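The values are calculated or read from the model by the stated rules, or taken from the named source; none is laboratory data. These numbers come from a predicted model, not from an experiment. Please note: Cβ atoms are built from the backbone with ideal geometry, for glycine as well, and neighbour counts cover all protein chains shown. Note: accessible area is taken over every heavy atom of the protein model, side chains too, but ligands, DNA and RNA are not part of it. Shrake-Rupley method; radii C 1.70, N 1.55, O 1.52, S 1.80 Å.
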Amino acid sequence: MNWLVKPLSQADLQKNSIHKPIEATYSAFEINGQKLLQIDSYGSSSRQMPGKKSQSIQIDRDAAKQLFDVLRQHFDF
């Protein structure tokens with residue numbers, strides 16, 4: 001699945017938990033003057049097809065600014 005995040009909105013989780021670690025990569029690129037950051041996740045090593053991309057999320061400038069502000073506030077940067 002591929003998604004362009006627009007916009008980010010806060011949600012309160014009913015149950016908080018730490019997920020199992022997975023492999024992820026990122027790519028930074030520009031198309032028609034629009035800068036994007038893409039994060040690809042690859043799922044767990046125990047899945048049926050290890051190493052296969054599970055999900056791609058693209059973040060544009062507006063979503064990146066919003067995410068930056070959330071990260072700065074939450075992690076006290």
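Restricting the first residue to region 49-62 and requiring it to be of a type in the set (Lys, Arg), which pairs with a second residue that is in a loop (DSSP other than H, G, I, E, B) meet a Cβ separation below 9 Å and a spacing of at least six or different chains? Once the first residue is of a type in the set (Lys, Arg) and sits in region 49-62, its partners that are in a loop (DSSP other than H, G, I, E, B) give LYS52/TYR42; LYS52/GLY43; LYS53/TYR42; LYS53/GLY43.
Having 2 or more residues that are touching a residue at least 40 places away in the same chain (Cβ under 8 Å) and open to solvent by 90 Å² or more (accessible area, probe 1.4 Å) is the bar; report the strands (runs of 3 or more DSSP E) wholly within region 1-42 that clear it.
On the way: elements: 2-5, 24-31, 34-41.
Hits in region 1-42: 2-5.
Among the residues in region 47-60, are any assigned to a strand (DSSP E or B) and surrounded by fewer than 12 Cβ atoms within 10 Å (Cβ to Cβ)? The answer is no; no qualifying residue exists.
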